[in-house]
1. Name, by its number, the condition in (1) on the phi > 0 side of the Ramachandran plot; (2) open to solvent by 60 Å² or more (accessible area, probe 1.4 Å) that does not hold for Asp9.
2. Across the stretch 18-44, what is the number of residues that are of a type in the set (Asp, Glu) and surrounded by 18 or more Cβ atoms within 10 Å (Cβ to Cβ)?
3. Which of the residues belonging to the stretch 61-88 are outside any loop (DSSP other than H, G, I, E, B) and open to solvent by less than 20 Å² (accessible area, probe 1.4 Å)?
Amino acid sequence: MTAEVTRLDVTADLSLEVDGAPVRVTAQGGELDVVADDVRGFVLALRAAATARAGVAPGRADVGDLADALAGAGLTARLRSPAQDVVTVGAGVDSALGGLLLGTRLARPDALGIVRASVRARAVEATAAGALLLVGLAVLRRRAGR
């Protein structure tokens, strides 16, 4: 027996500010786009809000739960900076790198987008994020070569 899946059809056009930085949310059909001028600040604000609500900081399992819920509703969400995709989650996503870095194959991080979004962060954080992505890519290439 399989569960019946309800597909959502979403229409949205919302502009807001998160800690003074513009964020635009648009959606059409099953595609949801979140474009944040300060991706790092946006993610940190979301994390703080989730922690305040639940009393516990969200982790990898929560990313998986979000990706599962989006996929189950037939939705694909993209977090972007104005110039680059950062991560795509939900329906139609199958990423070994997402499984490695985020704990779910239903999330596809964009290595270049993450590094570019991190440029606004302190230099040490950007370097660490880039190094982590390179290690993840090396592991995937090694597995593929076997």
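1. (1)
2. Of the residues in that region, 1 qualify.
3. Of the residues in the stretch 61-88, the ones outside any loop (DSSP other than H, G, I, E, B) are 61-72, 76-80, 85-88.
Hits for the stretch 61-88 are Gly64, Ala67, Thr76, Ala77, Val86, Thr88.
The values are calculated or read from the model by the stated rules, or taken from the named source; none is laboratory data. Here the structure is a predicted model, which means the values were calculated and not measured. With ideal geometry, Cβ positions are generated from the backbone for all residues, glycine too; neighbour counts draw on all protein chains shown. Ligands, DNA and RNA are stripped out before the accessible areas are found, and what is left, the full protein with its side chains, is counted by its heavy atoms. Shrake-Rupley method; radii C 1.70, N 1.55, O 1.52, S 1.80 Å.
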